[in-house]
Amino acid sequence: MAITTYAELKAAAASWLVRTDLTERIPEFVALAEARLNRVLRARLAETEAELTATAGSRTAALPPGFTEPLRLWLAKDDERIELPFVAASLLGASARPGEPGAWTVDGANLAFDRPCDAAYALTLRMLKAFSLSDAAPTNALLTEGPDVYLFATLCEAAPFLRDAELAAAYEARLDRAIAELNAKDARSRAARALTTELPDLIAQRAAF
């Protein structure tokens, strides 16, 4: 059975569980599995960019839905993107004088800047977004890349109802292996991207000698 959508994931979990009395609880198991995966995975599959607007007179901008972790923030100015430095919330100064944001942090459910904005600024936030399947959002990059991760995470959340410690341990082992393989693939991808970025500089440096 292919597992490419939320409906197919639920059907596969029901098939593996062989328990008709748990069918109605499978969406709950998927949600619990996603909560776990959102904590333990920091994969490129979760990376996305969101367009935000900083309001004139405000030091904050609401974080987008699904936000779990910030990566980078750019401010749009004169047809280019200027990256703003991240500062820990405890170290971010708070000037009362309005101006262009010079630094940022995450404060609760908001981005916070080092001063009130003197105008409306367009921002691009690079972030990790939560994995969250539903009937309205039936697939995502993780389900496409790692259906086994989704399936075994779901089965692990159902394990307490199975009362079979050996089977539960087998699901955990399969999940651990699937996550390890996904993380290894992600590490190779990041290394390849870093090499692609650095190679032109290395060539230019050697050419200079």
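The values are calculated or read from the model by the stated rules, or taken from the named source; none is laboratory data. No experiment lies behind these values; they were computed from the predicted model shown. Counting neighbours? That spans all protein chains shown, and the Cβs are built from the backbone with ideal geometry, glycine included. SASA here: full protein model, heavy atoms, side chains in, ligands and nucleic acids out. Shrake-Rupley method; radii C 1.70, N 1.55, O 1.52, S 1.80 Å.
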Quiz item: So is Glu24 of a type in the set (D, E, K, R) and more than 19 Å from Thr144 (Cβ to Cβ) or not?
Solution: yes
Quiz item: Taking the range 51-83, which residues are without any contact (Cβ under 8 Å) to a residue 24 or more places away in the chain and not in a strand (DSSP E or B)?
Solution: Pro65, Asp78, Asp79
Quiz item: Out of the range 10-46, which residues are part of a helix (DSSP H, G or I), within 30 Å of Arg126 (Cβ to Cβ) and of a type in the set (Gly, Ala, Ser)?
Solution: Ala31, Ala33, Ala35, Ala46
Practice problem: Test Leu32 against the stated conditions and say whether it is within 30 Å of Pro98 (Cα to Cα) and under 21 Å from the mean Cα position of the chain (by Cα). | Solution: no
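Pick from the range 125-140 the residues that are within 16 Å of Val30 (Cβ to Cβ) and touching a Leu at 6+ places or on another chain (Cβ under 8 Å): which of them is surrounded by the fewest Cβ atoms within 10 Å (Cβ to Cβ)?
Residues of the range 125-140 that are within 16 Å of Val30 (Cβ to Cβ), as a first pass: 130-140.
Still in the running and touching a Leu at 6+ places or on another chain (Cβ under 8 Å): 131, 133, 139-140.
Values: Phe131: 25, Leu133: 22, Thr139: 16, Asn140: 18.
Only one residue tops the list, namely Thr139.
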Exercise. Return only the number of the condition from (1) touching an Asp or Glu at 6+ places or on another chain (Cβ under 6 Å); (2) farther than 17 Å from Ala50 by Cα that Leu128 does not satisfy.
Key: (2)
Practice problem: Go through the range 27-67 and give me each residue that's under 14 Å from Leu111 (Cβ atoms) and polar (S, T, N, Q). | Solution: Thr53, Thr55, Ser58, Thr60
Quiz item: Which numbered condition trips up Trp74, out of (1) aromatic (Phe, Trp, Tyr); (2) over 16 Å from Phe152 (Cβ atoms); (3) open to solvent by 50 Å² or more (accessible area, probe 1.4 Å)?
Solution: (3)
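Quickly run through the range 16-53 and pick out the residues that are small (Gly, Ala, Ser) and modelled with pLDDT of 95 or more. Lay out the reasoning, then the answer.
Within the range 16-53, the subset small (Gly, Ala, Ser) is 31, 33, 35, 43, 46, 50.
Correct list: Ala31, Ala33, Ala35, Ala50.
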Quiz item: Quick check: anything in the range 172-182 assigned to a loop (DSSP other than H, G, I, E, B), over 22 Å from Glu49 (Cβ atoms) and either modelled with pLDDT under 95 or charged (D, E, K, R) (or both)?
Solution: no
Quiz item: So Ala7 fits all but one of (1) open to solvent by 50 Å² or more (accessible area, probe 1.4 Å); (2) of a type in the set (Gly, Ala, Ser); (3) assigned to a loop (DSSP other than H, G, I, E, B); what number is the exception?
Solution: (3)
